[in-house]
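*Asks:* My questions all concern the structure below.
The values are calculated or read from the model by the stated rules, or taken from the named source; none is laboratory data. Predicted, not measured: the structure shown is a model, and the values here were computed from it. When we count neighbours, we look across all protein chains shown, and the Cβ atoms used for this are built from the backbone with ideal geometry, even at glycine.
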Amino acid sequence: MKKYNLIMVFNNEEDKVLMCFRSKNPYLGLYNLVGGKIDDGEDIKESAYRELFEETNITKKDIILEPLMDFKWHPIKMEMYVYAGVLKHDVKLIEEVHKLYWVSLDENFFDMSKFAGEGNIGHMMEIYFQVKNILKQTS
């Protein structure tokens, strides 16, 4: 089973989410959350911190990631682990491959002409807002 992570990084005012603008497939030309492949045998949460650092320069000192949800697509043998966190302070972002942008939470994340994930990012945002206070209590 292939395993991946996605990370929802919110600025410390919690009015923007960090997204990358895809410069290659899949989702070429669309905004997506940062994340990547989980290596065989790698701890799932540690892989989220690793990918976050590689793609943005954000470290464990800058953010506490909490698990939000998991997806499993049986026909294509793929699992997705979604983490969320709020930055403790401003950070200097360093891009790995894709350009990074702070996107306003006023956006329609269900707009598939703008955002990757066939509407899943919209669902993730809705669920995050329903449970964000619970997540803060566990951090």
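*Asks:* Would you please name the residue that is farthest from Glu42 (Cα to Cα), looking only at residues in the stretch 83-114 that are part of a strand (DSSP E or B) and of a type in the set (A, V, I, L, M)?
*Replies:* Among them, the one singled out is Val103.
*Asks:* Scan Ile38, Ile44 and give me the residue that is touching a Pro at 6+ places or on another chain (Cβ under 9 Å) and either in contact (Cβ under 8 Å) with a residue 24 or more places away in the chain or under 17 Å from Asn120 (Cα atoms) (or both).
*Replies:* Ile44
*Asks:* Right, next: For residues in the stretch 17-39 being small (Gly, Ala, Ser) and not in a strand (DSSP E or B), which is modelled with the lowest pLDDT?
*Replies:* Ser23
*Asks:* Quick check on Val97: is it of a type in the set (Val, Ile, Thr), in contact (Cβ under 8 Å) with a residue 60 or more places away in the chain, touching a strand residue (DSSP E or B) at 6+ places or on another chain (Cβ under 9 Å) and surrounded by fewer than 18 Cβ atoms within 10 Å (Cβ to Cβ)?
*Replies:* Criteria met by Val97.
*Asks:* State yes or no: is Gly117 of a type in the set (Gly, Ala, Ser), part of a strand (DSSP E or B) and either surrounded by fewer than 18 Cβ atoms within 10 Å (Cβ to Cβ) or touching a residue at least 40 places away in the same chain (Cβ under 8 Å) (or both)?
*Replies:* When the stated conditions are applied, Gly117 does not pass them.
*Asks:* Considering the stretch 40-60 alone, what residues qualify as being buried (at least 16 other Cβ atoms within 10 Å of the Cβ) and in a loop (DSSP other than H, G, I, E, B)?
*Replies:* Scanning the stretch 40-60 gives a single hit, Ile58.
*Asks:* Give me the residue from the stretch 61-82 that is surrounded by 12 or more Cβ atoms within 10 Å (Cβ to Cβ) and in a loop (DSSP other than H, G, I, E, B) and, out of that set, farthest from the chain's Cα centre (by Cα).
*Replies:* Looking at residues that are surrounded by 12 or more Cβ atoms within 10 Å (Cβ to Cβ) and in a loop (DSSP other than H, G, I, E, B), I get Asp62.
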